[in-house]
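Taking it in order: structure first as structure tokens, then the write-up.
The values are calculated or read from the model by the stated rules, or taken from the named source; none is laboratory data. Remember, predicted model here, so these are calculated numbers, not experimental data. Because the Cβ atoms are built from the backbone with ideal geometry, glycine has one as well, and the counts that use them run over all protein chains shown. Calculation scope for accessible area: heavy atoms of the full protein, side chains included, ligands and nucleic acids excluded. Shrake-Rupley method; radii C 1.70, N 1.55, O 1.52, S 1.80 Å.
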Amino acid sequence: MSHRKFEAPRSGSLGFLPKKRTKRHAGRIRSFPKDDGKAEPHLTAFRGYKAGMTHVVRGVDRAGALMHKREVVDAVSVVETPPMVVVGVVGYVETPNGLRTLTTVFAEHLSEEFKRRCYKNWYKAKKKAYTKYAAKYKDGAKDIEHELERIAKFSSVVRVIAHTQVKKLNLRIKKAHIMEIQVNGGADAKAKVDFAKSLFEKEIHIDSVFAKDEQIDVIGVTKGKGYEGVTTRWGVTRLPRKTHRGLRKVACIGSWHPARVSTTVARAGQNGYFHRTEMNKKIYRIGKAGDKASCQTKADLTEKGITPMGGFVRYGEVNEDWVMLKGAIVGVKKRPVVLRKSLMKHTARRHLEDIDLKFIDTSSKQGHGRFQTAEEKAKFLGPLASKQNQ
């Protein structure tokens, strides 16, 4: 090995600087997929809440792969996705400085959980939000139709305003999470506006936006770690054991001159709670609310739902629609995450592969889970003494 200067790559990427806590606590879509005028009008994103993880057994159908026609075990994440409600539409015009909002049109009836997001203190508020706006719908809603025609005439980008229904979940929050979702497809802006207007005050389900075996992107905020040192934060090499005054350090933080510490030198500081976008997460399965056999497969005919024995740790039961994604996703349990259609056109065989699930694990996640269902546990243990004495 020659001199270290020519051989050692730097530790950690500078592409994620500054490493500071995000202001976008619920995830923000910075880019939407490219519009395709030949397709039907459709939505390009959805919001869900991270429930937890489990594992599945699936058959590999990828000719040429080492595991072709064999079974593999994959870790999967479960995201609960209750239906969202569309409450408005926004039109954007292109300018030399980027997109500019032309106008916004809201629906006539807005739910309480949407209005709560407009207030700091709902209890002390007068709760008058959008009451004057709703009056525009009287006398034929001429003003509303005029604004929709303006969007159809001048806008190049159309997005709907939608909010989650947190009242359907047991998250102990009452304010809905609101987001803009771009409408892609349609021959022109008028087709997009008509599609958006047809969704006003209606629920949109996850299976109307995404499909099984689709590659999607997950946008969210990572788990916060607090203030951490350089070895954990940047992955720099530890110093020799006998080093004076500690070894989990950077030995030299720069030359005498320039008499400043460069921004490229690894330093201790905040780790985690960063806004991140993870690309190419494959959808293994989409489950519907109330389907008690949503985790049934051809190889495992046991009638069971996605909620494991004892519920997901630090989350509870999944009673609404849900989506199963390959691998881990960012954030802690209960954290809102944005699911977005992929920005790229996929050609790799591993991305186009059809997923054949053989088994979905629903054993307890609070220890070494042994039973898949309560019936299986009762059958194995037999009549309990507490039940016999009754």
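Some notes on this structure:
- Yes/no for ALA125 being more than 20 Å from THR101 (Cβ to Cβ) and open to solvent by less than 40 Å² (accessible area, probe 1.4 Å): yes
- Failed criterion for ASN280 (all others in (1) open to solvent by less than 40 Å² (accessible area, probe 1.4 Å); (2) in contact (Cβ under 8 Å) with a residue 24 or more places away in the chain hold): (1)
- In region 257-272, the residues that are within 13 Å of ARG10 (Cα to Cα) and modelled with pLDDT of 95 or more reach residues that are small (Gly, Ala, Ser) and open to solvent by less than 60 Å² (accessible area, probe 1.4 Å) with C-beta atoms within less than 9 angstrom, at least six apart or across chains, in these pairs: VAL265/GLY254; ALA266/SER11; ALA266/GLY12; ALA266/GLY235.
- Count of region 255-277 residues, restricted to those that are surrounded by 12 or more Cβ atoms within 10 Å (Cβ to Cβ) and β-branched (Val, Ile, Thr), is 2.
- When residues of region 283-294 are limited to those that are of a type in the set (D, E, K, R) and in contact (Cβ under 8 Å) with a residue 40 or more places away in the chain, the one most open to solvent (accessible area, probe 1.4 Å): LYS288
- Selection status of LYS136, surrounded by 15 or more Cβ atoms within 10 Å (Cβ to Cβ), in a helix (DSSP H, G or I) and within 26 Å of the chain's Cα centre (by Cα): no
- So LYS379, is it open to solvent by 80 Å² or more (accessible area, probe 1.4 Å), of a type outside the set (Ser, Thr, Tyr) and in contact (Cβ under 8 Å) with a residue 60 or more places away in the chain: no
- Residues (more than 26 Å from LEU339 (Cα to Cα) and of a type in the set (Asp, Glu)) located in region 214-243: GLU228
- Selection within region 305-328 - under 23 Å from SER342 (Cβ atoms) and either out of contact with any helix residue (DSSP H, G or I) (no Cβ under 9 Å at 6 or more places or on another chain) or of a type in the set (Lys, Arg) (or both): MET324, LEU325, LYS326, GLY327, ALA328
- Inside region 174-200, residues that are in a loop (DSSP other than H, G, I, E, B) and surrounded by 15 or more Cβ atoms within 10 Å (Cβ to Cβ) make up a count of 6.
- Leading residue by the ranking (least open to solvent (accessible area, probe 1.4 Å)) among those in region 201-225 that are more than 15 Å from the chain's Cα centre (by Cα) and of a type in the set (Lys, Arg): LYS212
- Residue satisfying condition, being in a loop (DSSP other than H, G, I, E, B), open to solvent by less than 20 Å² (accessible area, probe 1.4 Å) and out of contact with any helix residue (DSSP H, G or I) (no Cβ under 6 Å at 6 or more places or on another chain), within set THR297, THR302: THR297
- Residues that are buried (at least 20 other Cβ atoms within 10 Å of the Cβ) and in a strand (DSSP E or B), drawn from region 23-52: LEU43, ALA45, PHE46, ARG47, GLY48, TYR49, LYS50, ALA51, GLY52
- Region 108-128 - residue that is within 26 Å of the chain's Cα centre (by Cα) and assigned to a loop (DSSP other than H, G, I, E, B) and, of those, farthest from MET179 (Cα to Cα): LYS120
- Residue count for region 74-100, restricted to those that are open to solvent by 10 Å² or more (accessible area, probe 1.4 Å), farther than 20 Å from MET179 by Cα and assigned to a strand (DSSP E or B): 4.
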